[in-house]
Each structure stands twice: as structure tokens, then as C-alpha cells.
Amino acid sequence: MAGAKSHGRRQPSLAQLRAFAAVAEHLHFRDAAAAIGMSQPALSGAVSVLEEVLGVTLLERTTRKVLLSPAGERLAVRAKAVLDEVGALMEEAEAVRAPFTGVLRLGVIPTVAPYLLPTVLNLVHDRYPHLDLQVHEEQTASLLDGLTSGRLDLLLLAVPLGMPGVAELPLFDEDFVLVTPLDHWLGGREGIPREALRELNLLLLDEGHCLRDQALDICREAGRADAPVTTTAAGLSTLVQLVAGGLGVTLLPHTALKVETTRNSQLLTGYFADPAPTRRVALAMRAGAARGAEYAELAEALRGALRPLPVRVLAADA
């Protein structure tokens, strides 16, 4: 049996596996050492010892670059799996010791962070004072990569994601509103039909923002065939200022309206006829996460805290 064959042999250490996994990821000793906080000589030595322990050559070293050997290609996958399992073991132990303690690394998209974080931070401060909440604002693709790689624990973002291995905890739905300059014919109106979007000069966020994709989907649903991209912005604040300057109109999620429009008197808000275009915001976690029960409890607490905002809070099974 495999266990019998390995009996009595030296076993690789976690430090050696971590060093090898870092080199396999970065294919550069200096970058790998920096990524795991190890000196370059120590990292190189750890990989050499691992090769000796395993009895195989893992790396092909040249003067200019590092390549994985065929054996290294195969064993890098195993090494990452072992390290992931050890990480899950430590996470499970931390969760068992005391819920809502230790570090929670929360990723948030830019079109949610400024408007919901005050509520999130107040909730955590008041209800979970021993939780070390660390916030990372990134675009959706980066957040999902961080979640699946273990860099992040929990995400707050627009859904659905449709990503295997990621579970969603729905929080609320919110309407989009139309923000226009003062002299726009739709400014301040209610009951705006979606079809009006077919003819508007719509300003969008840069590529990579999920809100841009949602706006384009809304336009397609309204029967607009082209992609209305003439001017874009990196954030909603800039987008709103462009609207105030008369360059066009834009769609804002309702939670962003107060923050983004009260600073400028050159704007009006239009409201769509029911059913208005909406987005859904949720927490997302790795399916089967060790702290899944905590995250579900946090989601329920957030639903209660978010009720004063202009949203429709959802049930846990929505």
C-alpha cells in the first residue's frame, strides 16, 4: 500500500511545500519569496530540501528563469491541495474556538462599498467587537479570484455570479434610477418607461465594473442594440459629475443616490415605471466554508441593519 511504502521516509514540511507552491505560482524566486515573507536563500534552500525528500527534481533552473519540471507540474497541484486543506483545518479550529473572533477578510465592489460599508462597519463594531474585519475594495473578477484562492473570506457584491463552488447569501434588491442634468426632458419624472433608454446618451463606468455590464443588460432589455459608449469613468462620483456637466445621463443604484447627487445642484433624478430595473446584492462565500454558519448569521444581521436604506430586503432563501 502507499502508506506502507512511505513508512519510515522523511516527510516534507509545510514550509517546504509553501516555498515550492510559491515558486510554482510565480516562477521567480524573488517574487515567490516576497509573496510568502521568506528570504530568497531560505526559500531556495527549502525547495532543494523538498526535492531531496521527495527524490525528484521539481524545478529546472537557468540563469534567466525558473521552469517547472514535468514532475514539478504534477506535484505543484498536490502541494497546493495540501496547503489548502491545512488552511481549512486552521480555519475550522478558529471557528470552533470562538465564533466572530479573529480575522474576517471582506471584499467589496466599488459600486457598493461607499454606500453600504457604514452600515456594515457599525454593525460589526456594535455586535461583533472581537471580529477583526479587514476590507478590500476590488472589482468583481479580482474579488472572486481572491475568494477561490483563499485570499478573501467573504464578498459583498452584485449577483448572480453563477460560479461553481461559490454560495450566495442574498441581502436585498434595489432599483436603478436615472440621473440627468437640470435641463433634461426626463429630469425629475416618475414612471419613465424602460424604452426611453433606447435614445439616451448613457454614460457608463469603465470595463471591469459589474455595474457597467448591468447597465448594458438593461439597455438590451429595453430594445437598444448598440452599446452606448462615448464617455466612461472609473467611479460613480466622476460619472455623476459628467452628467452635471451636460455630457449625458447615467443609471445609479438607489443606495448611491443620496451620497452621489446631494453635492451637486445641477442634477435631477428620474424614476422608472414598475417593474423598475434592479440589481441584487448578496454576500458570497466558498461553498462549504468552515465559518459558513457565522456568515449566514452575519447576513441575517445585515438584512435587519439595511432596512432603513432604499432597498427591498430579502429572505434568506430568496
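All told, LEU169 falls short of being under 30 Å from ALA35 (Cα atoms) and under 24 Å from the mean Cα position of the chain (by Cα).
Determine if the range 186-209 includes at least one residue that is modelled with pLDDT of 90 or more and open to solvent by 70 Å² or more (accessible area, probe 1.4 Å). Looking through the range 186-209, at least one residue is modelled with pLDDT of 90 or more and open to solvent by 70 Å² or more (accessible area, probe 1.4 Å).
The C-beta contact set for the range 51-65 (first residue within 18 Å of ALA15 (Cα to Cα), second residue assigned to a strand (DSSP E or B) and among the aliphatic types (A, V, I, L, M), distance under 8 angstrom, 6+ apart or interchain) comprises GLU51/LEU59; LEU58/LEU68; LEU59/VAL66; LEU59/LEU67; LEU59/LEU68. Within the range 57-92, the set of residues being within 15 Å of GLU25 (Cα to Cα) and acidic (Asp, Glu) comprises GLU60, GLU73, ASP84.
The residues in the range 101-113 that are open to solvent by 30 Å² or more (accessible area, probe 1.4 Å) and under 14 Å from ALA158 (Cα atoms) can be counted, and the count is 1.
Per the listing ASP217, ASP175, ASP145, the residue uniquely in contact (Cβ under 8 Å) with a residue 24 or more places away in the chain and either over 20 Å from PRO253 (Cβ atoms) or not in a loop (DSSP other than H, G, I, E, B) (or both) is ASP175.
Any residue at all in the range 291-306 that is at pLDDT 90 or above and over 23 Å from PHE100 (Cβ atoms)? There is no residue in the range 291-306 that is at pLDDT 90 or above and over 23 Å from PHE100 (Cβ atoms).
The helices (runs of 4 or more DSSP H) falling completely within the range 1-73 that include 1 or more residues that are within 31 Å of the chain's Cα centre (by Cα) and at pLDDT 90 or above map to 14-26, 29-36, 40-54.
Restricting attention to the range 154-165, the residues that are open to solvent by 20 Å² or more (accessible area, probe 1.4 Å) and over 28 Å from VAL249 (Cα atoms) total 4. Within the range 137-148, which residues are of a type outside the set (D, E, K, R) and open to solvent by less than 60 Å² (accessible area, probe 1.4 Å)? If the condition is that a residue be of a type outside the set (D, E, K, R) and open to solvent by less than 60 Å² (accessible area, probe 1.4 Å), then THR140, SER142, LEU143, LEU144, GLY146, LEU147 are the ones that fit.
In the range 265-290, of all residues being closer than 15 Å to GLU190 by Cα and open to solvent by 50 Å² or more (accessible area, probe 1.4 Å), the one that is modelled with the highest pLDDT corresponds to TYR271.
Does ARG151 meet the test of being open to solvent by 50 Å² or more (accessible area, probe 1.4 Å), in contact with a Gly (Cβ under 7 Å, 6 or more places away or on another chain) and part of a loop (DSSP other than H, G, I, E, B)? So ARG151 fails the test.
The values are calculated or read from the model by the stated rules, or taken from the named source; none is laboratory data. Because the structure is a prediction, the values reported are computed rather than measured. Cβ: placed from backbone, ideal geometry, glycine included. Neighbour counts: every protein chain shown. The accessibility values were calculated without ligands, DNA or RNA, using every heavy atom of the protein model including side chains. Shrake-Rupley method; radii C 1.70, N 1.55, O 1.52, S 1.80 Å.
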